[in-house]
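I have placed the structure first, in the form of structure tokens, so that the comments after it can refer back to it.
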Amino acid sequence: MTDHTLADQLAIRELNAAYADAVNRRDAVAWSSVWARDGRWFFLGEWIEDRDAIVARWQDAMSGVPVVYHQITSEQIAVSGDMAKSRVYLAEEIVTAEQLCLRFIGVYNDVCTRLDEGWRYKSRRFDLIYQGPGSLNPEGWLGYSQLETDS
């Protein structure tokens, strides 16, 4: 494996981390920035085309979820030039507007593309593996601190 390949894999891991961080902070601008303009997202059984439509659908979905914790694991990344395929597992806990606590486990199968601004999702397919009662308690949720950091 070359240093170039390792650098690309690290950049895609950072892309995955940026995605999860934006979900947890509910930051639509940051979440939008991980997508190629002509990206595709498979979400809840349908393909959504184009970054603007993808972000609008995500914002709609997030509007019914006041509490979310999105965690990624087991990143596998294969780089080939300016394209890469990756598989990433997700564990997510949410509290709905109706105060239901749910847990989701799923897998992302991605195609990433290297653009002038860096690696972005060209295609991201999410499939559920598990859905059921979660362990989050809405009364114990403190939320994400919006304090500035030194980094």
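The values are calculated or read from the model by the stated rules, or taken from the named source; none is laboratory data. Computed from a predicted model, the values in this text were never measured in an experiment. In this analysis, Cβ positions are derived from the backbone assuming ideal geometry, glycine residues included, and neighbour counts consider all displayed protein chains. Heads up: the accessible areas ignore ligands, DNA and RNA and are worked out on the full protein's heavy atoms, side chains in. Shrake-Rupley method; radii C 1.70, N 1.55, O 1.52, S 1.80 Å.
Side notes on the structure shown:
- Carbon + sulfur, % of accessible area of the chain - ligands and nucleic acids excluded, 1.4 Å: 52 percent
- For the chain, the solvent-accessible area works out to 57 Å² per residue, with a probe of 1.4 Å and every protein chain left in place.
- Set the Cα radius of gyration of the chain against 2.2 N^0.38 Å, with N its number of residues, and you get 1.07.
- Take the Cβ atoms of TRP47 and LEU100, set R0 to 30 Å, and the FRET efficiency comes out at 0.65.
- Axis of helix 3-25 versus longest Cα principal axis of the chain: the two differ by about 20°, to the nearest ten degrees.
- In this structure ASP38 has an accessible area near 90 Å², from a 1.4 Å probe over the protein heavy atoms.
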